[in-house]
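Please treat every number below as a calculation from the coordinates, not as lab data. Nothing here was measured: the structure is a model prediction, and the numbers come from that model. Note that we place each Cβ from the backbone using ideal geometry, even for glycine, and neighbour counts take in every protein chain shown.
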Amino acid sequence: MPTNRAGPERPRRVVVVPDGPILIEGPVEVVLDDGRRVVSDRFVVALCSCGLSGTYPWCDTSHRRRRPP
Ligand code: FES
């Protein structure tokens, strides 16, 4: 599992948005289920948790179009 080489001054914050993405303080490297690795060096990274994103694993706000059950 990757570690923060500089050493965390505090735990990295992860915020789960109800019916939305998972926000993670960047930069991040995501390992996909097929083994590919994608990197984002944004200050805050939005990971798709709904599976609808056209830019998976990143959130592209497609979750907003999801209809309530
Ligand atoms: S959570 Fe935003 S597109 Fe999936």
Practice task
State the answer as a single residue: which of C59, L23, V45 lies farthest towards the positive end of the charge dipole of the range 14-65, with beta carbon charges of +1 for Lys and Arg and -1 for Asp and Glu, about the Cα centre.
Solution key: C59
Exercise for the section: Can you tell me how much longer the chain between V15 and D60 gets when fully stretched, taken as 0.36 nm per residue apart minus their C-alpha distance, in nm with one decimal? Expected result: 14.5 nm
Fill in the blank from the handout: Most packed first (mean Cβ within 10 Å per residue), the peptides 24-32, 40-48, 12-20 order as 40-48, 24-32, 12-20
Fill in the blank from the handout: With label points set 7 Å from each Cα along the Cα-to-Cβ direction at L52 and R36, the distance between them in nm comes to 2.2 nm
Problem - Lys, Arg +1 and Asp, Glu -1 on Cβ, resulting dipole of the range 14-65 about Cα centre, debye, nearest 20 - result: 140 debye
Problem - Normalised convex hull volume, the range 14-65, alpha-carbon set, Å³ per residue - result: 73 Å³
